[in-house]
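Notes follow the structure.
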Amino acid sequence: MIYTSQALETLIGEFSKLPGIGRKTAQRLALHLLKAESEDAERLAAAILDVKRRIRYCSVCLNITEKDPCSICSDAGRDHASICVVEDPSDVIALEKTNEFHGVYHVLGGALSPLEGITPDQLRVRELLNRLRGGVTEVILAMNPDVEGEATTIYLGNLLKPLGIRVTRIARGVPVGGDLEFADEATLVRALEGRIVV
Amino acid sequence: MSIEKTEAIVLRAVNYRDSSKIVTFYTKRYGKMSAIAKGARNPKSKFGSLFQPLNYLQIVFYRRESRELQYVSSSDFVRYFKSLTSDVDRFSIAMSLIEIINRVMHDEEENEAVFTLLADSLGALDGPDTFPRNTFAHFGLNLAIALGFTPNFAECLHCSEPIDLEKERKVYYVVEKGGPVCEKCTSVLSEGLHSAGAFEISAPALLILRSFTRLTPAAAARAQMEQALRNEISNFVFIYLKKHSGTLKEIKALKFLATSQYDWPGKE
Ligand SMILES: [Zn+2]
Ligand SMILES: [Zn+2]
């Protein structure tokens with residue numbers, strides 16, 4: 001359906017560029033905004049602009065932040081000799097929620113993908129190497145447990161081990177609350193590999 | 001609509017909507033096929049995590065011929081290849097095999113020989129004491145044969161005399177015509193060979209390729225040879241496949257090998 005208003009058409013077009021939004025959902029969102037109060041629409045527009053204007057990448061860890069360096073990188077109470085490498089900013093949020101990690105982070109901006117042709121020079125690998133010159137003793141690789149994450153882990157492991165830094169990866173295995181009986185072979189093999197002394 | 005069951009190897013999986021995936025399989029019974037796996041990204045999904053490239057699965061799906069995307073309803077491992085992600089070489093070659101299948105094979109074109117070749121080649125790559133580059137060359141060569149582009153390693157393209165690979169040292173191979181040119185004809189044709197896109201290859205490399213047409217993936221993967229020969233045969237196979245498939249221009253997965261210590265086929 002083509003709307004008689006070019007403005008509405010443009011808005012629908014913009015919405016449907018968003019991830020996971022098809023043309024139908026875009027129409028629904030646009031029509032909803034059309035009916036909403038002017039103030040609501042203005043708040044939404046302002047929030048979008050605000051994010052774009054205020055949020056940037058931390059010059060040290062490349063996480064998203066409002067001030068540079070970010071609050072984690074500028075925290076003297078954290079262990080700056082221990083860097084946890086993650087794919088995306090959302091992974092930092094997830095790990096921070098555990099309150100278990102007291103080092104600092106490095107956000108790669110994705111994972112290597114042999115099939116999509118995403119190579120190391122498209123990620124922040126050089127930035128990571130530059131950080132390692134300053135007394136870093138441990139790098140923890142915390143990639144997603146999928147093929148791309150695996151590729152990234154092998155690659156970074158090969159790259160970092162010769163530098164004499166302790167390189168570890170987070171364990172993979174049976175999820176807490178999961179049932180051993182229903183775990184697939186891949187999960188069980190990885191869980192066995194990552195076993196620890198009790 | 002019917003409920004079907006087949007063995008399948010995952011070629012690709014992309015996220016779809018909030019919690020699903022669209023998975024491309026190479027299946028034993030239906031060739032290349034794409035299907036929606038509803039809720040596959042939900043952490044509670046029983047088999048969602050299985051839909052990752054390289055996994056060798058048994059899948060159950062709802063099939064409607066008129067539909068481009070089928071619905072996969074359940075899945076289980078046939079065999080888990082646990083060592084494919086253990087090093088850069090093994091991993092890149094494994095990914096290059098599925099990338100080649102994804103590019104070269106068309107949708108719903110069943111070819112059991114190709115399926116078996118892929119499954120056995122991944123199995124061979126997963127085994128200990130194997131050479132990933134051997135598998136690349138063996139796979140590419142036998143895929144070309146399964147698709148009907150059988151290379152000739154026996155007789156001269158020009159004079160049809162048998163080529164004695166034990167005696168000759170270097171042979172010109174005309175990739176487009178899929179055959180070698182003997183030493184005698186080489187000196188006669190000289191200039192014309194270059195314009196025909198002939199490719200110089202050593203006789204030992206051609207001997208190995210000839211033997212690879214008869215070996216199983218497992219046997220080929222263990223074949224001992226100098227590293228230089230391994231590069232030569234994989235390079236030959238890459239060029240041969242590129243020429244004959246028409247749809248394969250580069251192999252992205254092989255760029256990954258740049259991070260390992262050896263040369264890789266197609267390296268500039
Ligand atoms: Zn930071
Ligand atoms: Zn001849």
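Bear in mind that the values in this text are calculations on the coordinates, not laboratory data. Every value quoted in this text rests on a predicted model; they were computed, and no experiment measured them. Glycine also receives a Cβ, built like all others from the backbone with ideal geometry; neighbour counts cover every protein chain displayed.
Of all the options B:Glu166, B:Glu109, B:Glu183, the one that moves most in a Gaussian network model of chain B with Cα springs shorter than 10 angstrom is B:Glu166. Among B:Asn42, B:Asn55, B:Asn231, the largest mean-square fluctuation in a Gaussian network model of chain B (Cα springs under 10 Å) belongs to B:Asn42. A helix-only calculation puts chain B at -11000 deg cm²/dmol for mean residue ellipticity at 222 nm, using -39500 (n - 2.57) for each DSSP H run of at least four residues, averaged over all residues. Taking square-rooted eigenvalues a ≥ b ≥ c of the alpha carbon gyration tensor, is the range B:90-156 rounded, prolate or oblate, where a/c under 1.5 means rounded and, failing that, a/b exceeding b/c means prolate? Note, shape of the range B:90-156 comes out oblate. Normalised by 2.2 N^0.38 Å, where N is the number of residues, the C-alpha radius of gyration of the range A:1-94 stands at 1.55.
Structural descriptor for the range B:54-193: relative contact order 15 percent, calculated from alpha carbon pairs under 8 angstrom and at least 6 residues apart.
Stokes-Einstein D for chain B at 37 °C, 0.692 mPa s, Kirkwood Rh over Cα pairs, in µm²/s?
Translational D for this selection: 166 µm²/s.
Computed over chain A, relative contact order equals 13 percent, with contacts defined as Cα pairs under 8 Å that lie 6+ residues apart.
The string of couplings for the range B:242-249 from the Karplus curve (6.51, -1.76, 1.60, θ = phi - 60°) is 4, 5, 8, 6, x, 10, 9, 9 Hz, one whole number per residue in order, with x for Gly and Pro. Around A:His106, what is the net charge, scoring Lys/Arg as +1 and Asp/Glu as -1 over all other residues with Cβ under 10 Å from its Cβ? Neighbour charge sum, excluding A:His106 itself: +1. Counting every C-alpha pair in the protein assembly as shown, the share spaced more than 42 angstrom apart comes to 30%. Taking each DSSP H run with n ≥ 4 as -39500 (n - 2.57) and averaging over every residue of chain A yields -12500 deg cm²/dmol at 222 nm.
By the equivalent-ellipsoid construction on the alpha carbon gyration tensor, the range A:79-172 comes out with semi-axes of 19, 16, 12 Å, ordered largest to smallest.
Remark on B:Arg79: its backbone amide H falls under 5 Å from those of B:Tyr56, a criterion applied only to residues 5 or more positions apart or on other chains, H modelled at 1.01 Å from N. Residue-wise HN-Hα couplings along the range B:130-136, as the Karplus relation 6.51 cos²θ - 1.76 cosθ + 1.60 with θ = phi - 60° gives them from phi, are 10, 10, x, 5, 4, 5, 4 Hz; Gly and Pro carry x.
Amide H contacts of B:Ser74: B:Val60, each under 5 Å away and 5 or more positions distant or on a separate chain (H built 1.01 Å from N in the peptide plane; Pro and chain starts excluded). As a length-normalised measure over Cα pairs under 8 Å and 6 or more apart, the relative contact order of chain B settles at 17 percent. Mean-square fluctuations from a GNM of chain A, with a 10 angstrom spring cutoff on Cα atoms, peak among A:Thr119, A:Thr153, A:Thr25 at A:Thr25.
For chain B, a simple Cβ point-charge model (Lys and Arg +1, Asp and Glu -1, everything else neutral) yields a dipole of about 1160 debye relative to the Cα centre. Report the calculated FRET efficiency for A:Glu138 and A:Leu49 (r = Cβ-Cβ distance, R0 = 51 Å), to the nearest 0.05. It comes to 0.80.
With respect to chain A, whose longest principal axis is taken over its alpha-carbon atoms, helix A:38-54 is tilted by about 30°.
Between the Cα long axis of helix B:112-126 and the first principal axis of chain B there is an angle of about 90°, rounded to the nearest 10.
Per-residue Karplus couplings for the range B:189-195, computed as 6.51 cos²θ - 1.76 cosθ + 1.60 with θ equal to phi - 60°, are listed in order as 7, 4, 4, x, 5, 5, 5 Hz, Gly and Pro entered as x. Say the dipole of chain A comes from +1 at the beta carbon of Lys and Arg and -1 at that of Asp and Glu; which of A:Gly194, A:Ala36, A:Thr153 then lies farthest toward its positive end? Going by the Cα projections, it comes out as A:Thr153.
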